[in-house]
Structure formats: structure tokens, C-alpha cells
Amino acid sequence: MTEMTFSRRQPSVWWGAMIICGTVVGAGMFTLPVVMAGAWFGWAMVLLLISWGGMLLSGLLFMRVSLNYPAGAGYDTLTKDLLGRGWATLNGLSIFFVLGILTYAYISASGPVYQHSISQLGLPISTAEAKVLLTLCVAAVVWLGTTGVSRLMTFCVLAKILLLIVLFGGLLTQVNVPSLLSGPAAGERYWPYALGVLPFCLASFGYHGNITGLVSYYGGNKQNITRALVLGTLLSLALYLFWLTSTMGNLPRDGFPEIVKQGGDIAALMAALRAHLHVNALALMMSIFSHFAVIASFLGVTAGLFDFIADRLGYGNSPGARLKTASLTFLPPLIASICWPNGFVAAIGFAGLFATLWAVIIPALLAWKSQQRCSLAVVLLLVFGAMNILAWLLSWFEVLPEFGGR
């Protein structure tokens, strides 16, 4: 995200890495053990590593293309210049849909959480009022620039890490290694469930909307941007591995179908884990963790949406122009969340498909066009993108099996 003011001192790589990690690791991590239960731990590790490598590669390619343009030039500018107006329009719609629906989702999901917490403090407030208050606070931080986002993101990510250690440190000492690494029973196979997990893994490493801001933040310093992307995604991968080991190592595979039947949400997973957590303040700590997880992802996603809208509409960097961009970033999702608090469930399923387009395929095509050749990296990304689209379509048409479902 473009800064309102620039510091003469080169910012630390750590701040950029925190923006990436904070954007990637959010409340959605609670769904990973549930959707990966069919493929189980071994396949889950493999698919996460593949997705991490593919998404990091696409981010690095997009960053290198971005460095050939003026600071602040985003997806729309690059796509229109290199691939033409048609691709730019398609890419713009996919980015706007994914980031917009995620913003809407985070506002909708966080409203009840913060309403409950604020009410517990003796300040009665409605869910709609909680949504407005939270959105105004996040919008103010995003409006101020990348420095504010990175500082708050760092705090949230560090808090999440500490809470994860407190919550699941005990579980790691109780991990049932034979169960975690066990093979399928006679007549059962894990691999048929693996392909359907791939789109979830891809969605778990989405950060590409923040690259434009990092290019401006580091003044086009390729080395620092690269280090921030690598460090941020590696931290995210480590947190996911830590989380999956803690959950799958304490809950048997045959216990997950019941979690799926109960909705597969945070409450269902935590209820199953409750017997394994010897912490009296579990409910309080889980509530605090969910707060930090939502805020971190909310900040990262809206920062990316802010950059995209500013680039698409050609708004400047003055306080007034940034205020207009912030209004377009936050008001439509907020209004939609208040009017249709539960309407995002059907639409969110399409987000993964569109994310494959703008976070994998478009960066590969941009690199291909910019380099005037189809490199190995471009080929690998296109194959990775095609696999995700195929997996999404097969799941949508109920060709792939669903563990604990049909």
C-alpha cells in the first residue's frame, strides 16, 4: 500500500514479512484440519508444501514484473499493459470479487465475536454497531498507510503465535505419532481425498494483493521485497504445520466426520479438542486468538483491496484521495454484511476459483509476456493453476469424494 509519507531509512524486512504472514494466517486456518482429514497428515504436508512453493513463485514473478513499472503500479496497470484490456477486465473482476467477498466475510464473522466481547465489558452494543465500530478502526489504520498496517499486523501475528504456543504446546507433548503417521486401513485409501484439498491450500497462501504496497514500501528494493515474501510465507507455512500437528496428532482421523456433521466450524473443532486441552481458560484464550486472527486477515485483505481500487480508479495519494479509496474499500462490504449477515456462504465457494486466476495464472502470463519467453517457472505455475481449477470443478460437480460428507 502506498505511503502518505516516505521515510529516508529503508524499512526492516520484518515489517513486510508480518504483513504477508498476517494476511495469510487468519481465522480460516481453523478449517484446514477439517478439510484435510480425509487426505490425512502426510498428504496434507505434501499439498501445503506444493501450494506454498507455487504461491511464493507466483508472488516473486509478479514482484519482478512490478519492478519494471513506477512505484504504485498494481495488478490492473500491469495486466492492461502486458496482456490487454480484456485480460485486465477479467483479472480486475476476479481480484475485486475475491478481496471484496473476503472483506465481507471478515466483517460478517467478526461482528458477533466483538459484540459478545464488548458486551462482556458491560458496554451493550448490537452486532451491527460492533461491525461498524470494527470497520471504522481497521479503515483508519489502512487509510494511514503501510507503516500502521505493518505495526498492528506484527502485534497480531506475535500474539497469535504466543497464544498458539500456550494453547497447543501441551498438545504437542501428547501427539500420538503412530496415529499421525498411520497409513490407511485395509481397503481404504487416502489419496482420493488429496486433490480436493488443493484449492483450500492455495487459498491458505493468498497474499498477492499486498505486493504492490510492498514494492512502494521498500522503494523498489528487490532484495528486501524478496526476503519479505520468503520470510512471510515461510512463517505462515510453519504456523500451519504447527497447527496441523497439534490437531491431527490429538484427534483420530475417524473423529473428524462428526466434526464435519456439526458444521466443521471453529466451535465444532474446539469442542472435539477440549478434552485434550488441560487449560481452564481455554474459552477465553480461544476467544482472544480468534480476535487476533480475524483482525490480522482483515487488515491484510483490505490493504490489498485498497491498493487495487486506488490503482484501478487512478486515485492519488493525498489524504482526500485516500479517504475516497477507503470509503469504496469498506462501505460496500459493511453495508452488505449488515443487510445480508449470512449471505456469503454460497459466494465464498467461488473465491478459490477466481483466486487461482489472479494469484497464479495472471502472474505466470505477465512473466511470460514481460520476459518474451515461457520459462520453466511459468510452465510450473500454469500446471499448478490448471490442477487447482480441475480440483475445484471436480469437487463442484461431486466427482471427488468428501470425507465425512456424501
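The values are calculated or read from the model by the stated rules, or taken from the named source; none is laboratory data. The structure displayed is predicted, hence computed values, not measured ones. As a convention, Cβ positions derive from the backbone with ideal geometry for all residues, glycine included, and neighbour counts pool all protein chains shown.
Computed quantities for the displayed model
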read-out	value
Any hit, segment 100-113, residues being of a type in the set (Phe, Trp, Tyr), touching a Phe, Trp or Tyr at 6+ places or on another chain (Cβ under 9 Å), farther than 25 Å from Leu244 by Cβ and touching a residue at least 24 places away in the same chain (Cβ under 8 Å)	yes
Met55 being surrounded by fewer than 23 Cβ atoms within 10 Å (Cβ to Cβ), of a type outside the set (S, T, N, Q) and either modelled with pLDDT of 85 or more or in contact with a His (Cβ under 7 Å, 6 or more places away or on another chain) (or both)	no
Test result for Gly38, buried (at least 21 other Cβ atoms within 10 Å of the Cβ) and small (Gly, Ala, Ser)	yes
Residue count, segment 13-32 (criterion: of a type outside the set (Val, Ile, Thr), modelled with pLDDT of 80 or more and crowded, with 24+ Cβ neighbours inside 10 Å)	4
Some residue of segment 337-347 being among the polar types (S, T, N, Q), at pLDDT below 85, under 23 Å from the mean Cα position of the chain (by Cα) and in a loop (DSSP other than H, G, I, E, B)	yes
Members of segment 52-68 that are part of a helix (DSSP H, G or I) and of a type outside the set (A, V, I, L, M)	Trp52, Gly53, Gly54, Ser58, Gly59, Phe62, Arg64, Ser66
The lone exception for Ser126 - which of (1) in contact (Cβ under 8 Å) with a residue 24 or more places away in the chain; (2) surrounded by fewer than 18 Cβ atoms within 10 Å (Cβ to Cβ); (3) among the hydroxyl-bearing types (Ser, Thr, Tyr) it fails	(1)
Hits in segment 380-406 - residues which are touching a residue at least 12 places away in the same chain (Cβ under 8 Å) and over 30 Å from Ile259 (Cβ atoms)	Leu380, Leu381, Leu382, Gly385
Meets criteria (out of contact with any Cys (no Cβ under 9 Å at 6 or more places or on another chain), buried (at least 17 other Cβ atoms within 10 Å of the Cβ) and of a type in the set (D, E, K, R)) for Arg151	no
Boolean, Gly92 is under 24 Å from Phe289 (Cβ atoms) and in contact (Cβ under 8 Å) with a residue 12 or more places away in the chain	no
Residues located in segment 228-257, provided they are buried (at least 17 other Cβ atoms within 10 Å of the Cβ) and under 24 Å from Ala355 (Cα atoms)	Ala228, Leu229, Leu231, Gly232, Thr233, Leu235, Ser236, Leu237, Leu239, Tyr240, Trp243, Leu244
Matching option when the condition is modelled with pLDDT under 75, at positive phi, out of contact with any Lys or Arg (no Cβ under 7 Å at 6 or more places or on another chain) and in a loop (DSSP other than H, G, I, E, B), among Gly187, Gly122	Gly187
Check on Asn210, of a type outside the set (Phe, Trp, Tyr), crowded, with 22+ Cβ neighbours inside 10 Å and either modelled with pLDDT under 75 or within 26 Å of Phe308 (Cβ to Cβ) (or both)	yes
Failed criterion for Val138 (all others in (1) touching a Phe, Trp or Tyr at 6+ places or on another chain (Cβ under 6 Å); (2) aliphatic (A, V, I, L, M); (3) modelled with pLDDT under 80 hold)	(3)
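Table: residues versus (1) touching an Asp or Glu at 6+ places or on another chain (Cβ under 8 Å); (2) surrounded by 24 or more Cβ atoms within 10 Å (Cβ to Cβ); (3) farther than 26 Å from Val379 by Cβ; (4) among the polar types (S, T, N, Q).
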residue: Leu47; (1), (2), (3), (4): no, no, no, no
residue: Leu60; (1), (2), (3), (4): no, no, no, no
residue: Ser66; (1), (2), (3), (4): no, yes, no, yes
residue: Thr79; (1), (2), (3), (4): no, yes, no, yes
residue: Phe96; (1), (2), (3), (4): no, no, yes, no
